[in-house]
Every structure is written in C-alpha cells, then in structure tokens.
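Notes for the one structure printed next.
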Amino acid sequence: MAELELFEYYRKMCERNIVLDFQGAISQDMLVGMAELIKSKFSLEMHRTNLVKKLLSIFIEMAQNIAFYSTERARVDHIDKDVGAGIIVVTEKDKVYTITSGNMVNKKNLLFIIEHCQKINTMDKEELKQFYKEKIKLSRKKDEKGAGLGLIDVARKSGNPIQFNITPVDENNSFLVLSVKVQEDNNE
Amino acid sequence: MNNLKIQKTKYTMEVNFNKDTGILEMEGSSYPENALDFFGPIIDWIKDYISEISKPIILNIRLNYLNTSSTKCILDSFEILEQYFQSGGDVKINWFYAEDDEDIKETGEELGEDFSFPIEYIAY
C-alpha cells in the first residue's frame, strides 16, 4: 500500500532538512498558520530577530504570490471564493535557509515573471532600492491584488538572486519554481 | 464623522483614529489577503477628516511586519497627507520601530524620504 511507504518520504524529507512543506490551496488562514509556525519555530533557533523577519517576509510574499497568481485554483470550504494552489518548501542547511515555491502559471504571466526575475538578478542593492521605489509609485493596475512589488522585496530581503525553473505542463500552463536563499549576516 | 477603530488580528493592524484629538494610531502586522479592502476605509477616513475637520494630524505608526501591498497602501495614505500638508494642513508622522528591527526602520525611511511633512523615526 502506497500509504505505508511513508518512511521513504520521511527519510527524504529529513535528508533535505525540510523544515516546512506545504502543498495545496493557500487560503489566508493557511498562510497565517504557516507564518505563526515559522515565527515560533525560528525565534527559538535564531538569535537575531532580523533573520527571522527576513525569512518570514520572503515566505509571506512567495506564499501570497501562489495564492494570488497560481492558475491552479481551489475552492476553500468556509470562504466563498477560489484561492491559488501550489507548493512551498522551506529547507535549512548550515544556517542557510532556502524558500522555494512552485505553482502553475499561464504563458503571459510566465514571460513577465521570468523577465522580472532576470532584471532583478542583474541589480545590486542600490539599484534594487531604486527599482522598488519606482514600482511602488506606479498606480496599481485595476485587477491586481498585489502591488507587483513582491519579487523585488524578496530579492532585497534575501540579498541573493532569485533562481527559477520552468516545466511546461500543457499548451497554456507551465509549472514555475522560484527559489531564494537567506542567511545570517547577509546584507550587513 | 466618527472615530475609526479596527481590532487587531494576526495579519491586520489595530487602528485607532480619533477625530477629536487628531491622533491617528496604527499598530501591529499587516499582510491581509487584499490590502486595498483593508486600507480603503482607513484612507477614506483620512480624506473625510481633512475635508470635514481640517485640524492637525499626528499619525503614530508602530508596525512589526508589513507586506509589499500594505506598504503601497501606507504610501497612498502618505500621499494624501502630503497634499494636506502642502495646502497648509498641520501633519506630523511618528514612525516607531523596535530597536533591533532594521527592516521596519528602513521601510519607514524609504517611505518618508520623498515627502516634505515632518516624520520622526523613534526606536523603542
């Protein structure tokens, strides 16, 4: 029985030092639960609050990206609307924390996100700050829930490039993986 | 108009705007599902206060986390306060940050740097 082969799955998760792994619809309740979990788990392990806060804010931006933009939508029982589904994983190795998200995106968004990441990855700290300030002042597009600032903020908080990987799934959709690292005494 | 009071949740701030004293307080964390929905009434209240009461405003902001779409909404409210200040209104912002919280300090400094109203950064 497949269910009983959990040991293999457990062993793999341990090997990869997975500290949080969620797959499914990211409702606001779910996001708050995971944010609280990160806060309580890492506040004990990390002495510097700044690192916990950076990890938390990267996590929230990436999880909200899934909730807002994933083309795989799911109905959540107690609320009368769809939320985005995907996967988000936090791993830790030698005090380096990696936050990785995966979700379905359509062609149009995929192109935008990849170009956005490539642009972000060429920028230094000061350029990212200017880019952020420029974007925050642009008036919001009507149907946009977020402010289009999330990934710039992720790059600024992490101090590392945003890595990405794309797997085409069907004619219109691809599975997009985004991954960033954050560590102690980055940006200092 | 009435005072504006919003209770704190784990992902939205406590808001306490007093029309009689002109003291506006925001405190907590902010990462709502839809920042525009949350900040809409806050921004409307500030607009109403400016047009109906037109007295001095002291905005005390004490946050420990805000996501990017909330940051954008705070900027929107600063823009309204800037217009009021430019047209002769009395505006003062106090941005409180935990002593060791570089991110919130920096967010406040970046938000405030292009405005002419007085903004003070206060560690606690």
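Being modelled with pLDDT of 95 or more and either surrounded by fewer than 17 Cβ atoms within 10 Å (Cβ to Cβ) or touching a strand residue (DSSP E or B) at 6+ places or on another chain (Cβ under 6 Å) (or both) is true for just one of B:Ile50, B:Ile58. Which residue is that?
It is B:Ile58.
Taking the condition within 14 Å of another protein chain (Cβ to nearest Cβ), modelled with pLDDT under 95 and surrounded by fewer than 20 Cβ atoms within 10 Å (Cβ to Cβ), does A:Glu144 pass?
yes
At least 2 residues that are more than 21 Å from A:Ile162 (Cβ to Cβ) and within 14 Å of chain B (Cβ to nearest Cβ) in each: list the helices (runs of 4 or more DSSP H) lying fully within the range A:1-103 that qualify.
By residue number, A:28-45.
Across the range A:77-96, what is the total count of residues that are surrounded by 17 or more Cβ atoms within 10 Å (Cβ to Cβ) and at pLDDT below 90?
Of the residues in the range A:77-96, 0 are surrounded by 17 or more Cβ atoms within 10 Å (Cβ to Cβ) and at pLDDT below 90.
Looking at the structure I just gave you, is B:Asn94 under 17 Å from B:Val15 (Cα atoms), at pLDDT below 95 and in contact with a strand residue (DSSP E or B) (Cβ under 7 Å, 6 or more places away or on another chain)?
In short, no.
Restricted to the range B:63-89, and to residues that are among the aromatic types (Phe, Trp, Tyr) and either closer than 17 Å to B:Ile104 by Cα or within 11 Å of the chain's Cα centre (by Cα) (or both), which residue is farthest from the other protein chains (Cβ to nearest Cβ)?
B:Phe78
Only one of these conditions is not met by A:Asp153: (1) surrounded by fewer than 16 Cβ atoms within 10 Å (Cβ to Cβ); (2) of a type in the set (Asp, Glu); (3) modelled with pLDDT of 95 or more. Which number is it?
(1)
The values are calculated or read from the model by the stated rules, or taken from the named source; none is laboratory data. These numbers come from a predicted model, not from an experiment. Backbone-built Cβ (ideal geometry, glycine too); neighbour counts: all protein chains shown.
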